[in-house]
Amino acid sequence: MDSILVKGNGALNGVIPIAGAKNACLTLMPATLLSEEPLTLTNAPRLSDIRTMTQLLESLGAEVASLQSGQVLAMSSHAISNHTADYDIVRKMRASILVLGPMLARDGHAIVSLPGGCAIGARPVDLHLQVLEAMGAELDLRDGYVHAKAIGGRLRGAVFDFPFVSVGATENALLAATLAKGTTVLNNAAREPEIVDLARCLRKMGAQIEGEGTSTLTVQGVDRLHGATHPVVTDRIELGTYMLVPAICGGEVECLGGTLDLVGAFAEKLDQAGVSVTETARGLKVSRKNGRVKAVNVTTEPFPGFPTDLQAQMMALLCTADGTSVLEEKIFENRFMHAPELMRMGAKIDVHGGTATVTGVEKLRGAPVMATDLRASVSLILAGLAAEGETVVSRVYHLDRGYERVEEKLMACGAHIERISDRP
């Protein structure tokens, strides 16, 4: 199992290209199941999760070609030859549940295993199932699989009020509603950029959608969708992660392809902490304003609030801040598993339930640490960049699910970082 070796060596300077969004691409790929015609995605990230979704789609009968070193995905689903999404694939990644809505909408039936993913809380799929039931799906959960059928052979439009904001359930409902008979209205829908990107892609395929970026989505179902070509939106979580490099290490980094509208709430917190973020013709330029960063309080919220997927990375920064910060996690339970690992590096963190109190120290110390999930893994790398001595981050298979070429991008800015493989 690979590890990452990081040696803290002061300020980092350079340019980092930001990839297409993992969470957007994983949502866009199942859209190929809605049409017999080809769907091509450009600016695709090159990640293990994308390979897993490719494997899943191919198991259902789709053809997926990876072009231009993986940055273009050419997909075609002439027919869905298999309507069962098997546990052996689905268990690897939570986004696999997003094939349920498209298969149900196109052919009226599907069998999908309950999904897996990072161990950051229960994250049940109840809302996915409830909204599909509202659209006329008959569901039976047995032996770890969702057996779904559309009553009458086709989903029908419905009005559904989400009791709380759910990105995944909004995505599944939006995919399914495009081919449902009649009008679907989704209230309290997620507003994330990935939802907006999905709606724009589906509209290119002939879907009739209004309201993306707001809390109400209205979809008028159509009989069929056609092919399209669509660029994947910039990854706002990778963007925010690399914006923290000069914040925690010093120096100046320009993140290519970044825009403030993707990371508004996050950029506001950086500004409060004493980090400068300015837009350029190519992206966002980030640097410290004056010396050590200041403590700030952070509460995770659905978009446009502070993203839960940047909480672990922000904690790494605040471990070195002047003062005491309070981080409140309101999206997922059990998402402070990186805190004990940061404490091994000399951080002062006190966790009580969904709240972590962080008292900044002047310097972290390198140590052997273990990644517990995707975002925790990169938070430990950030901490290692700012620490004295060497940090070895183990179990970095999580990292490869969401960040492409991490070592290469950081080395280009002067970081001392390398991957250690224990493979023979």
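No lab work stands behind these numbers, since they all come straight from the coordinates. Everything quoted here is computed from the prediction, not taken from an experiment. Note that each Cβ is placed from the backbone with ideal geometry, even for glycine, and that neighbours are counted across all protein chains shown.
Please work out, to two decimal places, the log10 of the ratio I(q)/I(0) at q = 0.17 Å⁻¹ from a Debye calculation in which every Cα of region 22-230 carries one identical scatterer. Values returned for q = 0.17 Å⁻¹ are -1.15. Classification of region 168-210 by its C-alpha gyration tensor yields an oblate form. The axis ratio a/c (a ≥ b ≥ c) is 1.5 or more, and b/c is at least a/b. Taking the Cα centre of each part, how many Å lie between region 231-290 and region 321-372? About 22 Å separates the Cα centre of region 231-290 from the one of region 321-372. Quick one: net charge of V196's neighbours, Cβ under 15 Å, K/R +1, D/E -1? Local charge sum for V196: -3. The distance between label points at E279 and I420 comes to 4.4 nm (points 7 Å beyond Cα on the Cα→Cβ vector). Assuming a ≥ b ≥ c are the square roots of the Cα gyration tensor eigenvalues, decide whether region 245-308 counts as rounded (a/c under 1.5), prolate (otherwise, with a/b larger than b/c) or oblate. It is oblate, given that a/c is not under 1.5 and a/b is not larger than b/c.
Between the listed residues A85, A180, M135, the Cα displaced farthest toward the positive end of the dipole of region 77-206, a dipole computed from Cβ unit charges relative to the Cα centre, is found at A180. Candidate membrane-span-like segments in the chain, meaning DSSP H helices with Cα atoms spread over at least 30 Å of their own axis and a Kyte-Doolittle mean of 1.6 or above, do not occur, with no membrane implied either way.
If you take every DSSP beta bridge whose two residues both sit in the chain, what share of them, in percent to the nearest 5, is antiparallel?
Around 70 percent of the beta bridges assigned by DSSP in the chain are antiparallel ones.
Tally Lys and Arg at +1 and Asp and Glu at -1 over the other residues with C-beta under 12 Å from the C-beta of V369: what net charge comes out? Its environment carries a net charge of +1. For region 268-352, the set of GluC sites (Glu not before Pro) satisfying both a DSSP loop assignment and a count of at most 16 other C-beta atoms within 10 Å is given as E333. DSSP bridge analysis restricted to region 22-230 gives an antiparallel fraction near 75%, rounded to the nearest 5.
Using the rule -39500 (n - 2.57) for each DSSP H run of four or more residues, divided by the residues of the chain, the 222 nm mean residue ellipticity is -8000 deg cm²/dmol.
Across the chain, Cα pairs under 8 Å and at least six residues apart give a relative contact order of 21 percent.
Taking 7 Å steps out from each Cα toward its Cβ at K348 and N187 produces label points 4.9 nm apart.
With a Förster radius of 35 Å applied to the C-beta separation of A11 and T359, the computed FRET efficiency comes to 0.90. Between A228, A387, A247, the GNM of the chain built on Cα springs shorter than 10 angstrom shows A228 fluctuating the most.
Modelled spin-label separation between K289 and R405, with each label point placed 7 Å from Cα along the Cα-to-Cβ direction: 3.4 nm.
Rounded, prolate or oblate, given the Cα gyration tensor of the chain, with a/c below 1.5 counting as rounded? Display every interim value, and only then the final one.
Details: a/c = 1.88, a/b = 1.81, b/c = 1.04.
The shape class here is prolate.
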